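Trainee: The structure is given below, and queries will be raised subsequently.
The values are calculated or read from the model by the stated rules, or taken from the named source; none is laboratory data. Note that the structure is predicted; figures quoted are calculated from it, not measured. So basically every Cβ, Gly included, is an ideal-geometry build from the backbone, and we count neighbours across all protein chains shown. Ligands, DNA and RNA are stripped out before the accessible areas are found, and what is left, the full protein with its side chains, is counted by its heavy atoms. Shrake-Rupley method; radii C 1.70, N 1.55, O 1.52, S 1.80 Å.
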Amino acid sequence: MLTIRPAQHSDLDALVDIAARVAAPDVSLPNDPKVLERLVAQSEDALADDIGFPSEEQYLLVATGNGALLGAMLVVAAAGHPGADYSFRNETIIHASPELGVNHRMYALTLSHDLSGFTLLRPPLVARGERRAAVERALLRAALAFIAEHPARFAEDLIAPLPGMIDDDGESPFWSAVGSKFFGVSYREAERLALGKDRSFMAELMPHHPIYVPLLPEWAQNVLGQTRADYMSTYGLLIDEGFEAERYVDVFDGGPTFNVKRELARSIHLAQTLPLAVDGSIGRSEPECLLANREAGRFRAVLAPALRRPDGRIATTAEAANKLELIDDDEVRCVLA
């Protein structure tokens, strides 16, 4: 049974192992033991505090099953805090001349910090295996359940950036066409410089006038707003949750940045809070649900078979109730998986 909970110091070795095997720089989790250790500590500190508004907090959730750590997901309470979070805003600019009978609509990219302060969801980092899709889905829905239960800790708007396309040499076509002209460094070096920083330094070098998309090389236009094959499953999950990715792209690699109003995310909007019922007759024939308790520091969520009873209670197995640390009639948040 998949269980999602806050990361603990004892998870560090497993996190380091997964990050070393499948992580990309500044995408899900950094491949750096010291940074990972700091993230776990920051997450534990944030959960221990009584938070009244989102700021610098970061929450690290992990998924476990059969005694092994299977994945993790980082939630940043306020993107860019205490600085700014920069992205390119996709805009339409009209060039018209009534005298010549010309009216052209042209796409342009404008440097923006519109998304500063929004709650940022990093892509789930999951070890490869037959249950990878289920683990990714459970992590995302558990993160949304946690956000819904503790709204004071998070912004009213959520964003979820995905990495842009790279070539066989690990370089970004979009960066080669845009960013490299202003920074004078490779994509890999730019990512290294930005790793763990608030990216405010980009405002000093990036152009503040519109970048007309039709003037970019065709190979750069083709990757704009696209993500890598390894992240297409996350792309689909975000779409299913109601996220949209039409307005903003990453300033480094042109990858899509999804956004949604918190209350409109599917796993928040359609979730129900119901009394729990432990039922020995519940088995694998029942549909799986994402069930989450209403705690902060002791947050727990499980992907488990469950069934809503006519009496309004949500019935599940004793194992699921134990992992949630709940008993009969305790309230539980449930989302159909």
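Trainee: Using only DSSP helix segments of four residues or longer, with each worth -39500 (n - 2.57), what per-residue ellipticity at 222 nm results for the chain after dividing by its residue count and rounding to 500?
Mentor: -7500 deg cm²/dmol
Trainee: Still on this structure: Please list the non-local residues whose amide H lies under 5 Å from the amide H of Glu57, H modeled 1.01 Å from N, same-chain partners needing a gap of 5 or more.
Mentor: Those qualifying (amide H under 5 Å, at least 5 residues apart or on another chain) are Ala77, Ala78.
Trainee: Working only with C-alpha atoms, what are the Rg and Dmax values of the range 52-121, expressed in angstrom?
Mentor: In order Rg, Dmax, the Cα atoms of the range 52-121 give 21.1, 73 Å.
Trainee: Per residue, how large is the accessible surface of the range 1-135? Use a 1.4 angstrom probe and give square angstrom.
Mentor: With all protein chains present, the range 1-135 gives 48 Å² per residue.
Trainee: Please work out the C-alpha center-to-center distance from the range 126-173 to the range 57-71 and express it in whole Å.
Mentor: 13 Å
Trainee: Which far-off residues, 5 or more places away or on another chain, put their amide H under 5 Å from the one on Leu70, with H placed in the peptide plane?
Mentor: Ala63, Thr64, Gly65
Trainee: Now for a different question. Inverting the mean 1/r over all pairs of different Cα atoms, compute the Kirkwood radius of the range 38-82 and quote it in Å. Before the final figure, lay out each step's value.
Mentor: On the way: mean 1/r = 0.0867 Å⁻¹.
Evaluated on the range 38-82, it is 11.5 Å.
Trainee: Which ³J(HN,Hα) values in Hz, rounded to whole numbers, follow from the phi angles of the range 213-219 under the Karplus curve 6.51 cos²θ - 1.76 cosθ + 1.60, where θ = phi - 60° and Gly and Pro get x?
Mentor: My calculation for the range 213-219 gives 4, x, 8, 6, x, 4, 5 Hz in order.
Trainee: Between beta-carbons, use under 14 Å as the cut-off and find the net charge around Ala177, counting Lys and Arg +1, Asp and Glu -1.
Mentor: Taking every other residue near Ala177 into account, the sum is -4.
Trainee: Right, something else. So, counting K/R as plus one and D/E as minus one, what does the shell of residues with Cβ under 10 Å around Phe118 add up to?
Mentor: Charge balance in the 10 Å sphere: -3.
Trainee: Next question, about the same structure. For all pairs of alpha-carbon atoms in the range 1-114, what percent lies in each bin of width 5 Å, listed from the first bin to the last filled one?
Mentor: Reading upward from the zero bin: 2, 10, 15, 16, 13, 10, 8, 6, 5, 5, 4, 3, 2, 1, 0.
Trainee: To the nearest 20 Debye, how big is the dipole of the range 3-109 about its Cα centre, given +1 on the beta carbon of each Lys and Arg and -1 on that of each Asp and Glu?
Mentor: 440 debye
Trainee: If you don't mind, another one. Quick one: accessible area per residue over the range 260-337, 1.4 Å probe, rounded to a whole number of Å²?
Mentor: Solvent-accessible surface per residue comes out at 50 Å².
Trainee: Apply the Karplus curve 6.51 cos²θ - 1.76 cosθ + 1.60, θ = phi - 60°, to the phi angles in the range 172-182 and return the couplings in whole Hz, x for Gly and Pro.
Mentor: 9, x, 5, 4, 4, 7, 10, x, 4, 5, 9
Trainee: I've got another one for you. Given a 1.4 Å probe and every protein chain left where it sits, what share in percent of the accessible area of the chain is carbon and sulfur?
Mentor: 49 percent
Trainee: Still on this structure, please answer the following. Rounded to whole Hz and in sequence order, give me ³J(HN,Hα) for the range 38-55 from the Karplus expression 6.51 cos²θ - 1.76 cosθ + 1.60, θ = phi - 60°, writing x for Gly and Pro.
Mentor: 5, 5, 4, 5, 5, 5, 5, 5, 5, 5, 7, 8, 8, 8, x, 7, x, 8
Trainee: Taking H placed 1.01 Å from N in the peptide plane, check which residues at least 5 places from Asp253 or on another chain put their amide H under 5 Å from its amide H.
Mentor: Gly164
Trainee: Quick one: compute a quarter of the convex hull surface over the Cα atoms of the range 89-194 and quote it in nm².
Mentor: With the hull built on Cα positions only, its mean projection is 11.7 nm².
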